[in-house]
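**Q** Would you mind keeping the following structure in view while I ask a few things?
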């Protein structure tokens, strides 16, 4: 499968929209439920989100790296623009990004988020994936798990983060996704 630059950037933008609404809602369960709209749009429109497609065999490693880069670019730019037009959410974004300073904690949090994202985005039957998306997002946000693309959005809004966190979180997201896929014996 050929990675779409625009579809990957769009996925980052949609995830950042979830970040923005989470911050505007004041976080918590309400913010997490509202955030899930961003992932629902990604899933519904089949945008290319690294954390939702990292385990798929129809993407090679280079395509996954390009997808990740475009996701981060889309989320980061959307977040940066939001920082200018919605300055009231900057402080909350700074608090979120400040929680990602310890590399081991980042890795653990992102592995756990990878599990949530795999469960939220993997189609196992013909039932609607909406409940899986909502539950997966609520679980990762309320638990404080690290989603690499959301961190790029929050970093843009906060206008700063140690950017090493995003690739580390992406590795953790991938490990969590592959790990739960293996444990559940998914093909």
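The values are calculated or read from the model by the stated rules, or taken from the named source; none is laboratory data. Predicted model, so just to flag it, every value in this text is computed and none were measured. Cβ coordinates were reconstructed from backbone atoms using ideal geometry, including for glycine residues, and neighbour counts include every protein chain displayed.
**Q** Would you confirm, using the coordinates I've provided, whether residue 94 is closer than 16 Å to residue 143 by Cα and in a helix (DSSP H, G or I)? Before the answer, list the steps.
**A** Working: closer than 16 Å to residue 143 by Cα: no; in a helix (DSSP H, G or I): yes.
The answer is no for residue 94.
**Q** Kindly indicate which of 151, 104 is crowded, with 24+ Cβ neighbours inside 10 Å and assigned to a helix (DSSP H, G or I). Please lay out each step first, then the result.
**A** On the way: 104 fails: crowded, with 24+ Cβ neighbours inside 10 Å.
None of the other options fit; the residue is 151.
**Q** Let me ask you something else. Taking residue 51 as meeting all but one of (1) more than 21 Å from residue 179 (Cβ to Cβ); (2) in a helix (DSSP H, G or I); (3) in contact (Cβ under 8 Å) with a residue 40 or more places away in the chain, write down the number of the exception.
**A** Going through the list (1) more than 21 Å from residue 179 (Cβ to Cβ); (2) in a helix (DSSP H, G or I); (3) in contact (Cβ under 8 Å) with a residue 40 or more places away in the chain, residue 51 breaks only (1).
**Q** Residues 8, 83: which one is touching a helix residue (DSSP H, G or I) at 6+ places or on another chain (Cβ under 8 Å) and either crowded, with 24+ Cβ neighbours inside 10 Å or at pLDDT below 95 (or both)?
**A** Numbers: 83 fails: either crowded, with 24+ Cβ neighbours inside 10 Å or at pLDDT below 95 (or both).
When all the criteria are applied, what remains is 8.
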